[in-house]
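What follows is a set of notes on a single structure, which appears directly below.
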Amino acid sequence: MVISSDALLVRATLEGDLHAFEQLVERHRDVVFRVVARFVRDDEAEDVTQDTFLRAFHRLDRFRGDAPFRSWLLRIAHNTAVTSVTRSGRVATHPLEAIGEDLAGSVHRGGPAEHLEQRERRARLDTKLKGLSLGHRTVLVLRDIEGLPYSEIARITDAPLGSVKARVHRAREEFIELLRTNTYDWELPR
């Protein structure tokens, strides 16, 4: 029997059907991993993803269903990742290569030197992204990399919708300013 709704899967899990939770994990694992990997080191991303699902499983009875399950789960993922970064005192080290890999490959089919230059630019872009404050990085990743709507980001970060919009705006401005500090790469107008 295939259950399609996240809410039905949650209910089935709470009634003791562990296969239902496995379906939730399978359905949301990729997005949780992508969000977590933007905050923690490569070698920690899988552990933090598993920790996210473990925490979600133990708190499943707290899921009220007034927001999508994905929003609730991403809030746990975000909090788990931030806690991991805060405890370690380190910054994330996951490269942004994966974000633009398909786009760069499909848009531009240059030679090896051009591919190397693109890879180096993405690495510098990743370094610039890590220069953002944790709060700004959070909203920028969720909005501009994951493409989540403002309302879902507000639920994930537990912030008012207006604050999320303002934070995304400030994060973009801060990111652009960071990019401007290296005009060799970006040549952004003032």
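Quick one: would you say residue 26 is part of a helix (DSSP H, G or I), over 23 Å from residue 128 (Cα atoms), under 16 Å from the mean Cα position of the chain (by Cα) and of a type in the set (Asp, Glu)?
no
When you go through (1) of a type outside the set (Ser, Thr, Tyr); (2) out of contact with any Leu (no Cβ under 9 Å at 6 or more places or on another chain); (3) surrounded by 14 or more Cβ atoms within 10 Å (Cβ to Cβ); (4) modelled with pLDDT of 80 or more one by one for residue 94, which number turns out not to apply?
(4)
Which pairs have Cβ atoms under 6 Å, sit 6 or more apart or on different chains, and link a residue in segment 127-143 that is touching a residue at least 60 places away in the same chain (Cβ under 8 Å) and buried (at least 19 other Cβ atoms within 10 Å of the Cβ) to one that is among the aliphatic types (A, V, I, L, M) and part of a helix (DSSP H, G or I)?
Listed pairs, sorted by first residue: 142/153.
Give segment 1-44 a look and list any residue that's of a type in the set (Asp, Glu) and at pLDDT 90 or above, or say none.
Those that are of a type in the set (Asp, Glu) and at pLDDT 90 or above: 6, 15, 17, 22, 26, 30.
Applying the selection to segment 116-137, what residues are among the hydroxyl-bearing types (Ser, Thr, Tyr) and closer than 11 Å to residue 175 by Cβ?
133
Of the residues in segment 42-59, how many are buried (at least 17 other Cβ atoms within 10 Å of the Cβ) and either basic (Lys, Arg) or without any contact (Cβ under 8 Å) to a residue 40 or more places away in the chain (or both)?
The qualifying residues number 6.
The values are calculated or read from the model by the stated rules, or taken from the named source; none is laboratory data. Small disclaimer: the values here were computed from a predicted structure and weren't measured. Cβ atoms come from the backbone with ideal geometry, glycine included; neighbour counts cover every protein chain shown.
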